[in-house]
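Okay, structure first, notes after.
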Amino acid sequence: ILVRDNESDEVVASTRVLLDSDARCAGGFYSEGEFDLDSILMASGRIMEIGRTCVHADYRRGAVISMLWSGLATLLNVSRFQRIIGCASIPMHDGGAGALATYAWLRREHLISTEFNARPRLPLPVIAVAPAPMMPPLLKAYIRLGAMICGEPCWDPDFNTADMLIVLDTANLQRRYVRRYLRK
């Protein structure tokens, strides 16, 4: 999904969307490289993966993010996907302590049932210090929409982030958000 500036025609934001029907041709879902997704992939129903949302620094205001969410809401409205998956990244500038604190906080109320747990292929290193949770805006938005985390975060050394695998069952999607973004 792309958002363009109407005046310059420059792409100012994007979100990658990969449908299950196209994942095999692409070598699998991005998330499969970071997590063991067997339980999620073997479940019945269609899956869509979203990820690597990028917004130009000059456009990081509510309107552009809303346009991306509107595109996703439109896609969901016309499709028959049961689950949306994706990785929400937390910066590791503190060595991962904030990411582990975020995981500890989220798992209390937002950990998916064990049937959809996913194990990280490269777990975060164990860290003794546990600061306050770090909730990046995108992860916060996923949780508000009704997404659940699938287990411990994975370390992504290429981006030096802790990636939380999220699953959003479209039956549990907070409809008020879909209606809000479909109006825009």
### Task
Can you confirm whether the stretch 92-102 contains a residue that is touching a Ser or Thr at 6+ places or on another chain (Cβ under 7 Å), open to solvent by 40 Å² or more (accessible area, probe 1.4 Å) and either of a type in the set (Gly, Ala, Ser) or more than 22 Å from Leu18 (Cβ to Cβ) (or both)?
no
### Filter result (within 20 Å of Ile85 (Cβ to Cβ), at pLDDT 85 or above and out of contact with any strand residue (DSSP E or B) (no Cβ under 8 Å at 6 or more places or on another chain)) within the stretch 99-116
Glu109
### Task
Select from the stretch 29-45 the residues that are under 13 Å from the mean Cα position of the chain (by Cα) and of a type in the set (Ser, Thr, Tyr) and list them in ascending order.
Tyr30, Ser31
### Task
Kindly indicate whether Val3 is modelled with pLDDT of 90 or more and touching a Leu at 6+ places or on another chain (Cβ under 7 Å).
yes
### Task
Please go through the stretch 143-158 and pick out each residue that is open to solvent by 10 Å² or more (accessible area, probe 1.4 Å), within 22 Å of Ile65 (Cα to Cα) and in contact with a strand residue (DSSP E or B) (Cβ under 7 Å, 6 or more places away or on another chain).
Leu145, Gly146, Met148
#### Entry: In the stretch 79-91, the residues that are farther than 12 Å from Met148 by Cβ and open to solvent by 10 Å² or more (accessible area, probe 1.4 Å)
Ser79, Arg80, Phe81, Gln82, Cys87, Ser89, Pro91
### Task
Take the residues in the stretch 159-171 that are crowded, with 21+ Cβ neighbours inside 10 Å and not charged (D, E, K, R), then tell me which one is nearest to Arg80 (Cα to Cα).
Leu168
### Task
Restrict the check to the stretch 123-139 and report whether at least one residue is within 20 Å of Ile40 (Cβ to Cβ) and either loosely packed, with under 15 Cβ neighbours inside 10 Å or in contact with a helix residue (DSSP H, G or I) (Cβ under 6 Å, 6 or more places away or on another chain) (or both).
yes
### Task
Report yes if some residue within the stretch 71-79 is more than 24 Å from Pro91 (Cα to Cα), of a type in the set (Val, Ile, Thr) and assigned to a strand (DSSP E or B); otherwise report no.
no
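The values are calculated or read from the model by the stated rules, or taken from the named source; none is laboratory data. Owing to the predicted nature of the structure, the values given are computational and were not obtained by experimental measurement. Note: ideal-geometry Cβ built from the backbone for every residue, glycine included; neighbour counts use all protein chains shown. Just so you know, the surface numbers come from the protein's heavy atoms only, side chains and all, with ligands and any DNA or RNA stripped out. Shrake-Rupley method; radii C 1.70, N 1.55, O 1.52, S 1.80 Å.
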